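Data first, discussion second: the structure below is written as structure tokens.
What follows draws every value from the coordinates through simple rules; no lab data is involved. Small disclaimer: the values here were computed from a predicted structure and weren't measured. Quick reminder, even Gly has a Cβ in these numbers, built from the backbone with ideal geometry, and neighbours come from all protein chains shown.
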């Protein structure tokens, strides 16, 4: 733990993510207004003491909608990455453990999926479904598992012939026990790092889909559809585009900083490089 938080960028990422999670968790207690309450007397008011981030074209408080939008964006990120990670672990473990024709089939499937631009693939699938938060989470998860599959497969291939695995196999351990007791626990670190980085990408994808009208539907607030509202009034209501854009930027940056910090902390090459630099100077 000390090694992880020795990097100031990791601390910055952790603080950013923890702050956003707390704001999202306590949104009902922090939000000064109902995020869906329409007030025709407060349409497009700029930031002030009454409306910290101004109001939108229907007089709704932007700060309240941003807080509730954080809940949606983070929920989509966690669930979508959870689905992708689960699929990736299963397929990667099977490919790396059994190898042979099973590995070939799974990796060719990965290659085919990676050859299709993910955003356009998601757009194509969403076009046949009713836009909703649950469909968005499922579709993002089902189209984002390829990287995790490759990562788990590589880890399993590197661990498959290690002494502790061969010893367990010699003692009669079944495939299920070898995979879930010996191989998978020793592969968790890169999986966790990949998942953290993936949450930022999922938040970005959800915001993009909601901005295009294919994600979370009004009146439910998300950062993407708040940006869509801001597009209409961008010339004279700058706050409708600035605040959700900054929220997306800071959230994705926080996850990237945290993920990179964890990767550096658990990467032996990074540690050896830092040690060599210290010895040199």
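Could you work out how much longer the chain between residue 102 and residue 238 gets when fully extended? Use 0.36 nm per residue separation minus the Cα distance between them, nm to one decimal.
That pair, residue 102 and residue 238, stretches by 43.6 nm at full extension.
For 64, 73, which order do you get if you count the other beta carbons within 10 Å of each Cβ and list the fewest first?
The most exposed by this proxy come first: 64, 73.
Ranked highest first by average number of other Cβ atoms within 10 Å, how do 216-226, 103-113 line up?
Those peptides, ordered most packed to least, come out 216-226, 103-113.
Okay, helix-only estimate at 222 nm for the chain: each DSSP H run of n ≥ 4 adds -39500 (n - 2.57), divide by all residues, round to 500 deg cm²/dmol; what do you get?
-22500 deg cm²/dmol
Take every Cα pair under 8 Å in region 56-186 that's 6+ residues apart, average their separations, divide by the length, and report that relative contact order as a whole percent.
35
Going by Cα centres, region 18-58 and region 81-109 are how many Å apart?
44
Round to the nearest 10 and give me the degree value, 0 to 90, for the angle of helix 100-115's Cα axis relative to the longest principal axis of the chain.
20
I need to check one value: relative contact order of the chain, counting alpha carbon pairs closer than 8 Å and at least 6 residues apart, in percent.
25
Size of region 69-151 along its principal axes in angstrom, Cα-based, largest extent first?
Taking max minus min along each principal axis of the Cα atoms, region 69-151 gives 45, 23, 16 Å.
Calculate, in nm to one decimal, what residue 11 and residue 128 gain on full extension: separation in residues at 0.36 nm each, minus their alpha carbon distance.
37.9 nm
Note the angle between two axes, namely the Cα long axis of helix 268-280 and the longest principal axis of the Cα atoms of the chain, as a number of degrees from 0 to 90, rounded to the nearest 10.
Once rounded, one gets 90 degrees.
Per q in 0.07, 0.12, 0.14 Å⁻¹, report the Debye log10 I(q)/I(0) for the chain, using one uniform scatterer on each alpha carbon and no solvent.
-0.34, -0.85, -1.04
Quick one: angle between helix 188-211 and the longest Cα principal axis of the chain, in degrees between 0 and 90, rounded to 10, please.
Taking the Cα atoms of the chain, the angle to 188-211 is about 30 degrees.
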